[in-house]
Every structure is written in structure tokens, then in C-alpha cells.
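**Student:** Sharing a structure here in C-alpha cells format.
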Amino acid sequence: MNITSSAIFLALFFLIELFYFRIADRYNIIDKPNFRSSHSKITIRGGGIIFTIAVLLHCFISDFSYPFFVLGLVIISSISFADDIKPISNRFRIICHFLAVSLLFYQVGLFKLPIYIVPVAFVMAIGIINAINFMDGINGLTGIYSFVTLLTLYYLDTNVTPDFVSKDLLITAILAVTVFMFFNLRTKAKSFAGDVGSVGIAFIIIFFMVSLIVASGKVTYLLLLLLYGLDAISTIVFRLVRRENIFKAHRSHFYQFLANEKRIPHPMVALGYAISQSIFNALLIILEPSLTWTIIGVVLLGLLFVALRFTLEGKRRLLLREKQPSKA
């Protein structure tokens with residue numbers, strides 16, 4: 001994709017996003033703040049639909065390349081958009097996620113690998129989708145973190161593991177995320193990603209990452225999402241320690257603490273996560289550590305992250321169950 005084509009796509013995605021805002025405003029597709037929210041004003045929900053639309057447009061102009069991946073994306077994005085409008089049963093949503101991931105795995109040829117890899121891959125993929133969805137709680141975080149991840153994947157596709165996936169598709173996803181950030185990476189966002197956005201971009205990133213892992217044979221590339229993983233997993237562990245229902249909405253992620261309790265502006269928190277992950281990505285590419293050293297490094301970083309959380313948040317917040325707000 002040349003510069004002219006990229007500019008045309010960028011302008012088109014802006015127009016599509018603006019058109020969606022009019023539809024969302026007309027049909028009341030909005031996010032109303034509650035006591036667990038990190039925002040205080042009614043905001044349009046579902047702006048992340050541009051990610052799926054962008055991939056569909058690429059599909060149409062590229063002779064329907066990656067048809068099974070695109071079908072899986074349509075399925076998982078459709079159920080997520082429906083859930084943004086009206087809650088969908090967990091069972092039906094899980095079935096749709098499983099079907100979509102199955103199509104993705106078929107597209108990248110994962111089912112040709114040893115059988116024991118498949119169930120592990122399903123658990124990892126579903127876990128990553130939910131982790132990225134859970135981490136979509138403040139302005140800018142989903143957009144700029146995805147932007148860093150996609151740029152890293154583009155660099156790897158160009159310089160390290162050539163053509164593990166279409167460069168044009170990577171550029172298309174980067175342009176869509178850029179447009180979304182324009183409306184979301186602000187102190188007062190114009191639109192939120194919604195489940196359609198966070199789940200959609202998670203599915204897209206998983207497709208790129210699994211394609212890269214299959215082509216390179218390096219499972220360590222899962223660490224391109226390390227910081228999200230540390231925040232999501234440590235939060236789940238702390239919630240289990242506090243005997244909370246981990247499936248209920250909450251605001252106990254580290255990024256939520258920084259934004260809500262420390263009052264750090266959302267864009268600054270998001271930028272901090274993006275820069276931290278960028279530094280780790282660069283080290284991962286430059287050092288090319290073995291699996292053993294990668295595991296050691298991740299364990300050490302995990303301990304440092306938990307220590308940071310204890311230092312800033314304190315034992316009481318992390319280990320004791322939070323008081324429920326009064327219903328009065």
C-alpha cells in the first residue's frame with residue numbers, strides 16, 4: 001500500500017467513523033457512567049467498529065484474502081456489537097467466540113500442529129480476548145496500546161519474519177486504530193471502543209500474532225502483550241484473594257487505580273503503558289532471548305509489577321474486599 005492509498009484509506013475511515021457517530025447518536029448507542037466507570041459523562045459507544053469495517057474493506061479489495069479469519073471477525077464483532085446494545089447471554093457469547101477462534105486457527109493452519117497444542121491455543125486466545133476487553137476502561141488505552149502492538153508486528157513482518165501476513169492488512173489495521181485514537185485519546189473522549197472495538201481489535205491482533213508464531217516457531221511473541229497480561233492476571237489473582245466474583249464489573253485494575261485514585265489524566269496513563277510495552281518489545285527483538293531466559297525475565301518483571309502495585313496501592317486495597325456502595 002503506497003502513501004496515496006494510505007491517505008485515501010485514512011480519510012475514508014474518518015468519514016466512516018463520523019457517519020457511525022451520527023447513527024449511534026440517533027439510536028442512543030451510548031455509554032452511561034456508573035460508580036465503577038472511569039468517566040463522568042455520557043459518551044458514544046462502539047467507535048471501535050471501525051476496526052472490523054477496515055478489515056472488511058481490505059478483504060473486498062484484496063480478492064477476499066483470509067476469508068476464514070474475516071468470517072470469524074464478523075461473527076465475534078457482530079455478537080460484541082449486539083452486546084453493546086443489549087446484554088447477550090454468556091453461553092451464546094462463548095459459543096460465538098469459540099466458533100470465531102476456530103475459524104481463525106483454521107486460517108493460519110494451527111490445526112495442522114500437534115494435537116496437544118490446540119486446547120492450549122484456545123485457552124490462550126480466549127484469555128487474550130477477554131484480557132484486552134477488560135483493559136478497555138480508560139480513554140486512549142486500547143487505541144495506543146494496539147497501535148504499538150501493530151507497529152511492532154509490522155516491523156517484524158518487514159525485517160524479522162518477512163511476509164508472515166499481508167503488509168497491506170497490517171497497514172489497514174494501523175490506519176483504523178489511528179482514526180479511533182483521534183476520537184478517543186483525549187481527556188474527554190468523543191467515543192469509546194465498546195465491546196465491538198476491544199474484542200474486534202483483540203481478534204485482529206491474535207490473528208497477526210498466531211500467524212507470526214506459526215511462521216517463526218517462536219511462542220515468545222505472545223509477550224508483545226506482556227503489560228496487559230501482567231495487569232489482567234495480577235488483578236484476577238488479587239480479586240480471588242479478596243474472594244470477589246471475577247466475572248463482575250470492577251475498577252481494580254492497576255491502570256484504573258492510576259486514573260481514578262491517583263487522578264493521572266487518562267491519556268498519560270495510556271501513554272505510560274504504551275511506552276513501557278514499546279521498550280520491552282524493542283528488547284525482545286534486539287536480544288532474542290531463549291525460552292528459558294524469557295521465562296526468567298517474565299517472572300522477574302511480574303514480581304516487579306506486583307511490588308509496584310503493593311507500593312502504590314497498598315496491602316489493604318489489594319488484599320481486602322472493597323466496601324460496596326450504599327443503595328440509598
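The values are calculated or read from the model by the stated rules, or taken from the named source; none is laboratory data. Every value quoted in this text rests on a predicted model; they were computed, and no experiment measured them. With ideal geometry, Cβ positions are generated from the backbone for all residues, glycine too; neighbour counts draw on all protein chains shown. Please note that ligands, DNA and RNA were not included when accessible areas were found on the heavy atoms of the full protein model with its side chains. Shrake-Rupley method; radii C 1.70, N 1.55, O 1.52, S 1.80 Å.
**Student:** Once the Cα gyration tensor of the range 1-107 is found, what semi-axes does its equivalent ellipsoid get, as square roots of 5 times the eigenvalues, in whole Å, sorted largest first?
**Tutor:** Working through the eigenvalues yields semi-axes of 27, 23, 10 Å.
**Student:** If you don't mind, another one. How big is the equivalent ellipsoid of the range 172-298 along its three axes, where each semi-axis is √(5λ) from the Cα gyration tensor, reported in whole Å from largest to smallest?
**Tutor:** Values for the range 172-298, descending: 26, 21, 15 Å.
**Student:** Quote the accessible area belonging to Y154 in square angstrom, nearest 10, computed with a 1.4 Å probe and with ligands, DNA and RNA left uncounted.
**Tutor:** 70 Å²
**Student:** In nm², what is the average projected area of the convex hull enclosing the Cα atoms of the range 71-121? Spell out each step's value before the answer.
**Tutor:** Working: hull surface 14.7 nm².
Mean orientational projected area (the range 71-121, Cα hull): 3.7 nm².
**Student:** Of the accessible area of the chain, with the probe set at 1.4 angstrom, what percent is carbon plus sulfur?
**Tutor:** On the chain, the fraction of accessible area on carbon and sulfur atoms equals 68 percent.
**Student:** Okay, moving on. What FRET efficiency would be calculated for the residue pair L304, N159, taking the C-beta separation as r and a Förster radius of 30 Å, to the nearest 0.05? Display every interim value, and only then the final one.
**Tutor:** Working: r = 29 Å, r/R0 = 0.98.
With R0 = 30 Å, the Cβ-Cβ based efficiency is 0.55.
**Student:** Also, quick follow-up: How high is the relative contact order of the range 224-328, given as a whole-number percent (alpha carbon pairs under 8 Å, six or more residues apart)?
**Tutor:** Relative contact order of the range 224-328: 41 percent.
**Student:** Let me ask you something else. What's the long-distance tail for the range 141-221, i.e. % of Cα pairs beyond 20 Å? Don't jump to the answer; show the numbers that get you there.
**Tutor:** Values: 1048 of 3240 pairs.
Across the range 141-221, Cα pairs with separations above 20 Å total 32 percent.
**Student:** Let me ask something else about it. When all protein chains stay in place, what accessible area (Å², nearest 10, 1.4 Å probe) is found for I204?
**Tutor:** Taking all protein chains as shown, I204 has close to 0 Å².
**Student:** What net charge is computed for the residues neighbouring L156, neighbours being all others with C-beta under 15 Å from the C-beta of L156, Lys and Arg scored +1, Asp and Glu -1? Intermediate values should be presented prior to the final figure.
**Tutor:** Working: positive: K167, K218; negative: D157, D163, E288.
Around L156, the surrounding residues sum to -1.
**Student:** Another one. Along the range 297-304, what does the Karplus equation 6.51 cos²θ - 1.76 cosθ + 1.60 (θ = phi - 60°) give for ³J(HN,Hα), rounded to whole Hz, x for Gly and Pro?
**Tutor:** Once rounded to whole Hz, the list reads x, 5, 4, 5, 5, x, 5, 5.
**Student:** Mind listing the phi-derived Karplus ³J(HN,Hα) values for the range 91-102, rounded to whole Hz, using 6.51, -1.76 and 1.60 with θ = phi - 60°, and x for any glycine or proline?
**Tutor:** After applying 6.51 cos²θ - 1.76 cosθ + 1.60, I find 4, 5, 5, 5, 4, 5, 5, 4, 5, 5, 5, 4 Hz.
**Student:** List, in order, the whole-Hz ³J(HN,Hα) value for each residue of the range 110-118 obtained from phi through the Karplus relation with A = 6.51, B = -1.76, C = 1.60 and θ = phi - 60°; use x for Gly and Pro.
**Tutor:** 5, 5, 7, 7, x, 4, 5, 6, 4
**Student:** On the full set of protein chains, 1.4 Å probe, figure out the accessible area of S5 and give it in Å² to the nearest 10.
**Tutor:** The accessible area of S5 comes to roughly 40 Å².
**Student:** Ordering Y106, Y255, Y116 by how much accessible area each has at a 1.4 Å probe, largest first, what is the list?
**Tutor:** Highest to lowest solvent-accessible surface, that is Y116, Y106, Y255.
**Student:** Follow-up. Between D31 and residues 5 or more places away or on another chain, which pairs have amide H atoms under 5 Å apart, with H built 1.01 Å from N, and which residues are they?
**Tutor:** Long-range HN contacts for D31: T43, I44, R45.
**Student:** Also, quick follow-up: Leaving out ligands and nucleic acids, note down the accessible area per residue over the range 90-205 with a 1.4 angstrom probe, in whole Å².
**Tutor:** For the range 90-205, the solvent-accessible area averages 40 Å² per residue.
**Student:** Next question. Using Cα-Cα distances under 8 Å and only pairs 6 or more residues apart, what relative contact order does the chain have, in percent?
**Tutor:** 23 percent.
**Student:** Based on the alpha-carbon gyration tensor of the range 191-234, what equivalent-ellipsoid semi-axes (square roots of 5 times the eigenvalues) come out, in whole Å, largest first?
**Tutor:** Semi-axes, largest first: 22, 15, 6 Å.
**Student:** Follow-up. Which entries of K86/K262; K86/K167; K218/K248; K188/K262; K167/K218; K262/K315 show an alpha-carbon separation above 25 angstrom in the structure shown?
**Tutor:** Table pairs above 25 Å Cα-Cα are K86/K262; K86/K167; K218/K248.
**Student:** So what is the calculated 222 nm ellipticity per residue for the chain, using -39500 (n - 2.57) for each DSSP H run with n of 4 or more, over all residues, to the nearest 500 deg cm²/dmol?
**Tutor:** Estimated from H runs of four or more residues: -22500 deg cm²/dmol.
**Student:** Next question, about the same structure. For the range 2-20 and the range 140-193, what is the separation of their C-alpha centers, rounded to whole Å?
**Tutor:** 14 Å
**Student:** Long-range amide H contacts for G48: which residues qualify at under 5 Å (H placed 1.01 Å from N, peptide plane, sequence gap of 5 or more or a different chain)?
**Tutor:** A193, G194, G197
**Student:** Report, please, the projected area of the range 270-319 averaged over directions, based on the convex hull of its C-alpha atoms, in nm².
**Tutor:** 4.3 nm²
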